[in-house]
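Since the structure comes first, as structure tokens, the remarks are kept for the end.
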Amino acid sequence: MIDYVADYLETIGSRRVLPEVKPGYLSALLPDRAPAKPESWTNIMDDVNRAIMPGVCIYLLPSSSSSSVHHRLPAVYQFLAQNLKDHATSSTSKSSRK
């Protein structure tokens, strides 16, 4: 995941700022039900790039609005960083550390 974030930030200058998808586009790309068996990380990230990323809006918040460094980074990085933090601090993670 860290490599994905680093690659995203490296290529942010070549990405579209506003998505070219219409609201609701993602519904047609989702399966009717969740997979019966876990999917590989590669398949999940392929789905993220194929389905999620085309709908992402890239923006930066003004640095004067907050002293937090996260407010100066792209929205996707904020989401990914929050997700990493949530998983690292979840009760499952804590209970498995002894």
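Rule-based calculations on the coordinates, nothing more; no lab input. Note that this is a predicted model, so its numbers are computed, not measured. Quick reminder, even Gly has a Cβ in these numbers, built from the backbone with ideal geometry, and neighbours come from all protein chains shown.
Counting beta carbons within 10 Å around each of I58, I2 and listing the fewest first gives the order I2, I58. Per-residue 3J(HN,Hα) values for region 42-56, derived from phi via the Karplus relation 6.51 cos²θ - 1.76 cosθ + 1.60 with θ = phi - 60°, read 4, 5, 5, 5, 4, 5, 4, 5, 6, 10, 7, 4, x, x, 7 Hz in sequence order (x marks Gly and Pro). Based on Cα atoms of region 1-62, Rg over Rh with Rh as the Kirkwood radius reads 1.01.
Modelled this way, with points 7 Å down the Cα-to-C-beta line, the labels at S14 and D47 are 2.7 nm from one another.
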